[in-house]
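A short worksheet on the structure shown next.
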Amino acid sequence: MTDFIIEEKLTDYIVFFRINRPDVYNALNFEMLELLSSKLDALVKADVRCLVITGMGKSFSSGVDLKEIKDFDPNTARNFSLAGHRLLEKIENFPCPVIAAVNGYAVGGGLEMACACDLRFAAESAKFGLPESKVGMITSWGGTFRLPRHIGVARAKELFFTARMITAVEAREYGLVNEVYPDERFMENVFNIARRIEKNAPIANRLAKKMLNRYPWDLDNLKDEESLALSHCVNTEDQNEAITAYLEKREPVFKNR
């Protein structure tokens with residue numbers, strides 16, 4: 001059986017997930033949604049400080065496997081949509097920063113999955129788009145609410161209504177990706193960013209992610225929660241180690257506690 005999701009631990013605290021169906025542009029079916037979901041569940045309690053999701057071959061992911069969905073009845077289609085939502089919520093709420101390393105095409109559900117990640121970096125050759133309207137469908141894994149959060153409602157409507165593909169440079173201009181890198185040095189640059197994240201206090205990053213994921217909700221409640229998050233940080237061994245290391249002019253050694 002093909003290993004559809006290749007999991008690699010590149011350092012003690014950095015994990016890569018590589019979607020491995022390059023013959024169909026890393027399209028996602030029921031089996032792969034469940035496999036990704038179970039792999040995330042297995043990592044939740046591990047001391048992972050950065051997770052990177054990327055694709056094998058020339059595609060990040062083309063999203064929904066059209067060969068599978070063409071035979072769906074309405075009930076099966078709804079269940080498939082809900083399975084995708086559950087997976088993307090796990091990515092969005094995973095307790096460490098998650099990077100989408102967009103190495104090629106990120107279209108449809110693949111773009112939706114990238115939107116659920118905390119950071120998105122693209123190779124120069126990457127392309128982004130929502131072709132659903134061309135095949136009589138709509139996004140099914142949160143595209144209608146995550147994409148406008150990143151690029152604004154007007155830009156999101158443009159991509160939905162026209163179904164046109166945009167380049168990595170356009171995606172950066174729209175605010176969809178953080179940075180674009182040359183293809184030949186793409187994964188090197190992504191790994192360097194993951195290493196920078198790895199070196200910082202994991203509890204602080206986890207709490208910052210939790211708070212940032214709630215923007216731009218009720219500010220009064222968020223002010224109280226941010227204060228509580230800070231009070232938690234200053235009561236950790238990692239925070240004490242960070243201050244001590246800074247004063248001693250050395251690199252901190254974080255223990256995630």
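Tabulated data
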{"item": "Length-normalised contact order for segment 1-154 - Cα pairs under 8 Å, 6+ apart - percent", "result": "21 percent"}
{"item": "Nitroxide proxy distance, nm - points 7 Å out along Cα→Cβ at Glu124 and Thr11", "result": "2.7 nm"}
{"item": "Value in Å of the Kirkwood radius, where the chain supplies the Cα pairs that are averaged", "result": "19.2 Å"}
{"item": "Quotient of Cα Rg and 2.2 N^0.38 Å for segment 107-257, N being how many residues it contains", "result": "1.30"}
{"item": "Label-point gap, in nm, between Asn192 and Glu68 - each point 7 angstrom along Cα→Cβ", "result": "3.7 nm"}
{"item": "Pairwise centroid distance, computed over Cα atoms, of segment 18-54 with segment 80-142, Å", "result": "12 Å"}
{"item": "Descending semi-axes in whole angstrom, ellipsoid equivalent of segment 1-114, from the Cα gyration tensor", "result": "23, 16, 12"}
{"item": "Net lengthening on full extension, Arg78/Phe145 (0.36 nm per residue, minus Cα-Cα)", "result": "22.4 nm"}
{"item": "Sum of -39500 (n - 2.57) over DSSP H runs of 4+, divided by residues of the chain (222 nm, nearest 500)", "result": "-14500 deg cm²/dmol"}
{"item": "Additional length obtainable on full extension of the chain from Asn20 to Asp3, 0.36 nm per residue less Cα span", "result": "5.4 nm"}
{"item": "Estimated FRET transfer efficiency when R0 is 41 angstrom, pair Thr244-Ser38 (beta carbons, to 0.05)", "result": "0.55"}
{"item": "Neighbour-limited loop hits for trypsin sites (Lys or Arg not before Pro), segment 148-202 (at most 16 other Cβ within 10 Å; DSSP other than H, G, I, E, B)", "result": "Arg164, Lys199"}
{"item": "Cα-based convex hull, segment 95-152, per residue volume (Å³, whole number)", "result": "84 Å³"}
{"item": "Alpha-carbon spread of segment 76-117, three principal axes, descending order, Å", "result": "30, 27, 9"}
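Throughout, read-outs are computed from the coordinates displayed, never taken from laboratory work. Source: prediction; values computed, not measured. Don't worry about glycine lacking a Cβ; one is built from the backbone with ideal geometry, like all the others, and counts go over all protein chains shown.
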